[in-house]
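Have a look at this one.
The values are calculated or read from the model by the stated rules, or taken from the named source; none is laboratory data. All values derive from a computational prediction rather than experimental measurement. Here the Cβ is made from the backbone with ideal geometry for all residues, glycine too, and neighbour counts use every protein chain on show.
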Amino acid sequence: MNFLKTDLDGVYIVEPLLYRDERGYFLETYRDEIFREKGLDMQFVQDNCSFSKKGVVRGLHYQARRAAQEKLIMVCRGEILDVAVDLRRGSPTFGKHISVLLSEKNHRMVLIPGGFAHGFSVLSEEASVYYKCSTYYDHVLERGIRWNDPDLKINWKVSAPVVSEKDRNQPLLNQVPEQDLF
């Protein structure tokens, strides 16, 4: 596996080794010993899969401090724009984001540590997104930032975003209570 650093400390693009032959391909999505060799010692306890249609924007989601989730995200079908926003107070990149194109064709993954909000938009007709989490989902500790916060200036690359009511009503980053940041 190849781990590419991004402009946000702790966020990596992960390129798995792909083995192709006449039958198709095989790749490892996660191997604990390889991640630990890279200094990324984490334990994943929950796997999730979401299916969405073109134009859907999901996010920006995170869990409060004691339940902060590290995530490893990949696309099994389709293409998405994956976004991570730094919520770590004191970080030189606080409030900054990165966007990474993930698809069934490029096989890239994104590793996002705790302390970040996460979201994605669907660029293909449909997309299946699979991701691992280091802590269990807890609806009481679930938090979010409005997907179209003007201070974040995220270009989701969709012309007519389809957004849930919950995500439309999230606070702007500058409205998030101090105790909900990292």
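Spot the failing condition for Ala64; the list is (1) out of contact with any Lys or Arg (no Cβ under 9 Å at 6 or more places or on another chain); (2) modelled with pLDDT under 95; (3) under 22 Å from His97 (Cα atoms), and only one is missed.
Checking Ala64 against (1) out of contact with any Lys or Arg (no Cβ under 9 Å at 6 or more places or on another chain); (2) modelled with pLDDT under 95; (3) under 22 Å from His97 (Cα atoms), the one that fails is (1).
Have a look at Lys157, Lys105 and point out the one that is under 29 Å from Tyr19 (Cβ atoms), part of a loop (DSSP other than H, G, I, E, B) and at pLDDT 95 or above. Steps first, answer last, please.
On the way: Lys157 fails: under 29 Å from Tyr19 (Cβ atoms).
The unique qualifying residue is Lys105.
Another question about this same structure. Considering each of Gly115, Gly119, Gly90 in turn, give the residue that is among the small types (Gly, Ala, Ser), over 30 Å from Tyr25 (Cα atoms) and modelled with pLDDT of 95 or more.
Values: Gly119 fails: over 30 Å from Tyr25 (Cα atoms); Gly90 fails: modelled with pLDDT of 95 or more.
Answer to the check: Gly115.
Within region 38-87, which residues are assigned to a strand (DSSP E or B), within 15 Å of Thr135 (Cβ to Cβ) and of a type in the set (Asp, Glu)?
Asp47 - this is the single residue of region 38-87 that is assigned to a strand (DSSP E or B), within 15 Å of Thr135 (Cβ to Cβ) and of a type in the set (Asp, Glu).
Which residues, counting only those in region 114-165, are small (Gly, Ala, Ser), farther than 21 Å from Phe182 by Cα and surrounded by 20 or more Cβ atoms within 10 Å (Cβ to Cβ)? Even if it seems obvious, please write down each step before you answer.
Restricting attention to region 114-165, the residues satisfying the condition of being small (Gly, Ala, Ser) are 114-115, 117, 119, 121, 124, 127-128, 134, 144, 159-160, 164.
Filter once more, keeping what is farther than 21 Å from Phe182 by Cα: 121, 124, 127-128, 159-160, 164.
Across region 114-165, the qualifying residues are Ser121, Ala127.
Going by the structure shown, is Gln46 surrounded by fewer than 21 Cβ atoms within 10 Å (Cβ to Cβ) and either free of Cβ contacts under 8 Å to residues at least 24 places away in the same chain or at negative phi (or both)? Step through it out loud before you land on a result.
Working: surrounded by fewer than 21 Cβ atoms within 10 Å (Cβ to Cβ): yes; either free of Cβ contacts under 8 Å to residues at least 24 places away in the same chain or at negative phi (or both): yes.
Spelling it out, Gln46 is indeed surrounded by fewer than 21 Cβ atoms within 10 Å (Cβ to Cβ) and either free of Cβ contacts under 8 Å to residues at least 24 places away in the same chain or at negative phi (or both).
Assess whether Leu40 counts as being closer than 27 Å to Gln179 by Cβ, hydrophobic (A, V, I, L, M, F, W, C) and surrounded by 11 or more Cβ atoms within 10 Å (Cβ to Cβ). First the steps, then the outcome.
On the way: closer than 27 Å to Gln179 by Cβ: no; hydrophobic (A, V, I, L, M, F, W, C): yes; surrounded by 11 or more Cβ atoms within 10 Å (Cβ to Cβ): yes.
Against the criterion (closer than 27 Å to Gln179 by Cβ, hydrophobic (A, V, I, L, M, F, W, C) and surrounded by 11 or more Cβ atoms within 10 Å (Cβ to Cβ)), Leu40 does not qualify.
Residues in region 56-67: is at least one of a type in the set (Gly, Ala, Ser), more than 22 Å from Asn2 (Cα to Cα) and buried (at least 21 other Cβ atoms within 10 Å of the Cβ)? Lay out the reasoning, then the answer.
Taking region 56-67 as the starting set, the residues that turn out to be of a type in the set (Gly, Ala, Ser) are 59, 64, 67.
Okay, now just the ones that are also more than 22 Å from Asn2 (Cα to Cα), so 59, 64, 67.
Narrowing further to those that are buried (at least 21 other Cβ atoms within 10 Å of the Cβ): 59.
Checked region 56-67: at least one residue is of a type in the set (Gly, Ala, Ser), more than 22 Å from Asn2 (Cα to Cα) and buried (at least 21 other Cβ atoms within 10 Å of the Cβ).
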